[in-house]
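The values are calculated or read from the model by the stated rules, or taken from the named source; none is laboratory data. What you are looking at is a predicted structure, and each value in this text was computed from that prediction instead of being measured. Heads up, the Cβs are rebuilt from the backbone with ideal geometry, glycines too, and the neighbour counts pull from every protein chain shown. All accessible areas refer to the heavy atoms of the entire protein, side chains included, with ligands and DNA or RNA removed. Shrake-Rupley method; radii C 1.70, N 1.55, O 1.52, S 1.80 Å.
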Amino acid sequence: MFTQLGVMIHIPQQSRCTTLELLSQLHTMLRLCGESFPSQAGTWRVVSDAYDGMQVYNFSSFDEQSWQRWIAKYQDAICFVSGEVVLSTSKKKRSMVTFSATISRSKRYTVPIIDEERVIWIQIPKAVWSRIKQGDFLQGIQHACSALEAAYACVDDVTIAAKSIYTGGFRYFGVNSHKIPPQTRLPGIYWAQYVTQEMIRETGTLQEIENEAPCEVKGMVGENQGIWLQLTHDILKTQREDRLALRKYFSESLYQLSLLDIAKSVRIDLIPVIDYLPLDAAEITEIERIRINTREKEM
């Protein structure tokens, strides 16, 4: 299934991180993506209330001085950034890492923001992921979470990774999830996650989870600000059973799923999300029963 890697970092409103720090951490993670390639070219597009229309800036091989001059110019007024980094994977092939960061509401333009959630999103093609120093990049995510006082982060196949803590699979199909503060529940089960205490309080302390969670990689981040949980060392070796085991472990910290909503979902883009929630055998049987009954009633 794995085609591209999706990385989401959620930064709550109460975080003290500045726009400069947020963009600098994003810049660092993009640089880590490109270190293993002979050439890089980046484009950043900026939505800012201080300027008429979108501003576009191009960088060649992450020229640090040019980037610093650019960020000094824009940092105080940025609402949203997006762009791509083009990497040479061979003499004739190119791959593109795409990214975005939602920073604040705009008074002039449409910005994809829910409540006051600041979000970093990075999408990495398989051809790039297979060549980068994966351990360094994952450490970079953890460092960013600590520096930005993030409340949550997840890493998984792009088709199932949460784009926001408001849209994770368990929250989307959760019973009355709209009535539950999103920072008090895990939005889903993913290959790798950065989790803070508030989200997993019902399961246990960070120290208990570090000792007990069924993950191959786990450890505290920062000064015990949160914990990094990674199901397996290699995303390609992650099995459904690994995801199900973590779901069972965090059962008290997840939204209660509505099997009826899952069974009645008709959105094609949610098929992989449903497949990787993950569900146990009894739930799968019940969902199929509801679907069959629904079809019979419609005949």
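Below, the figures for the structure above:
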quantity	calculated
Leading residue by the ranking (farthest from Ile235 (Cα to Cα)) among those in segment 158-168 that are more than 9 Å from the chain's Cα centre (by Cα) and crowded, with 20+ Cβ neighbours inside 10 Å	Gly168
Output for segment 265-290, where each listed residue is touching a residue at least 40 places away in the same chain (Cβ under 8 Å) and in contact with a Leu (Cβ under 8 Å, 6 or more places away or on another chain)	Leu277, Pro278
Residue tally, condition open to solvent by less than 10 Å² (accessible area, probe 1.4 Å) and assigned to a strand (DSSP E or B), over segment 180-228	9
Test: residue in segment 33-40 that is open to solvent by 30 Å² or more (accessible area, probe 1.4 Å), outside any strand (DSSP E or B) and farther than 27 Å from Tyr194 by Cα	yes
Count of residues meeting criterion [assigned to a helix (DSSP H, G or I) and farther than 13 Å from Tyr152 by Cβ] in segment 167-179	5
Arg16 surrounded by fewer than 13 Cβ atoms within 10 Å (Cβ to Cβ), at pLDDT below 90, more than 19 Å from the chain's Cα centre (by Cα) and within 23 Å of Ala151 (Cα to Cα)	yes
Single residue of segment 152-172 satisfying the filter (of a type in the set (Gly, Ala, Ser) and out of contact with any Cys (no Cβ under 9 Å at 6 or more places or on another chain)) that is nearest to Glu35 (Cα to Cα)	Ser164
Filter pass, Ile262 being open to solvent by less than 80 Å² (accessible area, probe 1.4 Å) and not in a strand (DSSP E or B)	yes
Qualifying positions in segment 10-54 - touching a Leu at 6+ places or on another chain (Cβ under 8 Å) and under 22 Å from Ser106 (Cβ atoms)	Ile11, Ser15, Cys17, Glu21, Leu22, Gln25
Set Ser100, Ser177, Ser82: member being closer than 30 Å to Leu259 by Cβ, modelled with pLDDT of 90 or more and either among the small types (Gly, Ala, Ser) or out of contact with any strand residue (DSSP E or B) (no Cβ under 6 Å at 6 or more places or on another chain) (or both)	Ser177
Among the candidates Leu270, Leu231, residue that is within 27 Å of Gly204 (Cβ to Cβ), open to solvent by less than 20 Å² (accessible area, probe 1.4 Å) and hydrophobic (A, V, I, L, M, F, W, C)	Leu231
